[in-house]
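Asker: Can you read through this structure? Questions will come right after.
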Amino acid sequence: MKRIKFIAGNWKLWGTLSQAKDLAKALAPALSKAPYRYLVAPPYTALAAVKEVLQGTKVLLGAQDCSALESGARTGEVSVLMLKELGVDAIILGHSERRQFHGETDQLVNEKIKLALKHGFEVIYCNGETLAEREAGQAAAVVVRQTKEALKDISEADLSKVTIAYEPVWAIGTGKTATPRDANEIHAVIRKTIADIYSKQAADAMIIQYGGSVKPDNVRELMAMPDIDGALVGGASLKSETFLPICLFDQ
Ligand code: 13P
């Protein structure tokens, strides 16, 4: 089964409204002609403006999180209903920074994924082990557990709207990348987990992105691995000079 590569930029807590608009303007024309699927996830405050820039292009708009509730007394949170009206296509959920700094658990991530799918969003679901877990030989076991928890009660039909991003925590923003071989090994474990929970067909179709210090000079060898189907890029997605070469890695 031929899986189409999917490359996404997670802008995290970077980019004021004007900076985000400028970056989107620099990316949109080049990505419209590029061969794969692309997404950018600016901060909430820039979603509407970036949507306008992306109008008529094939670049998808992503949000970096959402509330587990549609509405209610949750000061500071943003609901799927609000994201829907802004024309957001996909929501990144379960990012390790949400887990580390906001105490998100696998169970909460599962609730958010179900809510996002119910409202018709695509989801980029992130998982990955910490350095201590890797050093203890637990990397595979951790991602299997996270994946099973996150996908609990999600139907195979809905699964087609989910992309999984394997992001080893120790490789995020550190300049340390998993070797393509190490990353591919965990991707294969994730794909096998999908086969175990769902079916071989679902596993073959699953897009599994790698995230963690993806740069123009390492993207090509990562994308050459059989189970790596794209990238979720942080730091290098903040400048067109570094994000475009990643998106156009084989052009
Ligand atoms: P870096 O590319 O900056 O390591 O970040 C990866 C990431 O967390 C993307 O979600």
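Asker: Inside segment 145-183, can you point out the residues that are farther than 23 Å from M225 by Cβ and among the polar types (S, T, N, Q)?
Answerer: S155
Asker: So which residues in segment 126-151 are touching a Phe, Trp or Tyr at 6+ places or on another chain (Cβ under 7 Å) and either on the phi > 0 side of the Ramachandran plot or open to solvent by less than 10 Å² (accessible area, probe 1.4 Å) (or both)?
Answerer: Listed by number, the residues that qualify are N127, G128, V143, A150.
Asker: Taking the conditions exactly as written (without any contact (Cβ under 8 Å) to a residue 60 or more places away in the chain, closer than 27 Å to G128 by Cβ and more than 16 Å from the ligand (Cβ to nearest atom)), does T105 satisfy them or not?
Answerer: Considered against the rule, which asks whether it is without any contact (Cβ under 8 Å) to a residue 60 or more places away in the chain, closer than 27 Å to G128 by Cβ and more than 16 Å from the ligand (Cβ to nearest atom), T105 comes out as yes.
Asker: From (1) aliphatic (A, V, I, L, M); (2) farther than 22 Å from K5 by Cα; (3) in contact (Cβ under 8 Å) with a residue 60 or more places away in the chain; (4) more than 13 Å from the ligand (Cβ to nearest atom), pick out the condition that doesn't hold for V169.
Answerer: That leaves (4) as the condition not met.
The values are calculated or read from the model by the stated rules, or taken from the named source; none is laboratory data. Everything numeric here is computed off the predicted structure, so don't read it as measured data. Cβ atoms come from the backbone with ideal geometry, glycine included; neighbour counts cover every protein chain shown. Accessible surface is based on the protein model in full, side chains and every heavy atom, while ligands, DNA and RNA are left aside. Shrake-Rupley method; radii C 1.70, N 1.55, O 1.52, S 1.80 Å.
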